[in-house]
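Derivation of every value follows stated rules applied to the coordinates shown; laboratory data play no part. Note that this is a predicted model, so its numbers are computed, not measured. Reconstructed Cβ throughout: ideal geometry from the backbone, glycine too, with neighbour counts over all protein chains shown.
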Amino acid sequence: MIEDDLRAAFARHEPLTPPTGPLRAAIDRLTIRRRRRRRRWQAGGMALALLGVLGIGVPLLTPERAGPPPAAELLGESARPVPTGALNILLLGIDGDGSPAPRADAVLLVHIPADRSRPYLVSLPRDLRVPVPGHESDKLNAAFPLGVGSTRPEMTKGYELTRRTVAELTGVRVDAGVVLTYRAVSTVTDTVGGVPVCLPDQVRSVHTRRVFPAGCQRLDGAASIDLLRQRYTLPGGSQDRDRNARLFAAGLVRQTTDQGVLTDPVRLARLLATVGPDLVVSPDRAAVLELMRLVPTLRSVEPAGIGLPVVGPSGKNRYLRTDPKLAPEFLTALREDRLGDWAARHPKLIDQAR
């Protein structure tokens, strides 16, 4: 009896039930929209990782752990206009995870000119003697551990003090920045099928005894890390290592461009999945994310590598100093967004990537 009454009640109210078609369609649309946003966040995040690798060859973004940013910010769906004017991005390469606080092995300023002609990779030598805000003058690479501190180490504070030091040294505004380690370079390099690097001189590894001959060669992940760590056997020491890192970066740009990785969200997402949870957002999150919207506007994505002109080393601490003749002209060109003109006047000081 009760079962019959329930059936009768359901039968009476069935005409009042709203149709399921529109509701199901709305749920499907919401699911697709969320899936697309997740894929776009992954693609944009991987592009940021590649941007870091393109800078100095060490790919893990290490930063403010505030969760993934909105997808609109990542892939240009923002209502904000595409940034104009020259931009400067600071990339710091460290060989460690912050405990104890490591020094910055590589300090690179990526300059994107207002005419969007091509990016410039400007190496700032780690052994350069500079004033560190709030501290005495020291090597540039000391700013990172001084900022991180020892009581409650914070990587973002190491980045921030280094950013202030670089801004005072160069006289330019640093619009964004990331901190990178060697942890994922092998995976990224292997995933893209190796990186072509053209070395001007032979390099012998003090770690593995491997010999990297002068000329062009394709490096896998392990070999890339090995090369990027070498400085003791190089005639120019850390300056030669900076040059080799810039050459590696140019090779990676070439490889990813040839494969269409930078413009293929699916391939970027796959690469992100390979790198895994090591990828997070940089301290200057919003500014760095805006850079992804600039990629289509660049006339050339292959960077020009330049080292800040220096002299030395000197003294017991082996400090480097800015070249009194070339550095002022170079820094003026950087501040006034005329690196293209400077490079044309000093072609021998520009990396020959091929």
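Note on Lys139: lysines with a C-alpha under 22 Å away, same-chain residues under 8 apart excluded, are Lys157, Lys316, Lys325. Spin-label model, Glu136/Arg299: points 7 Å from Cα along the beta carbon direction are separated by 4.9 nm.
Once both labels are positioned 7 Å from their Cα atoms along Cα-to-Cβ, the gap between Arg209 and Ala167 label points is 4.9 nm.
The label point for Val311 and the one for Cys198, both projected 7 Å from the Cα toward the Cβ, are 3.2 nm apart.
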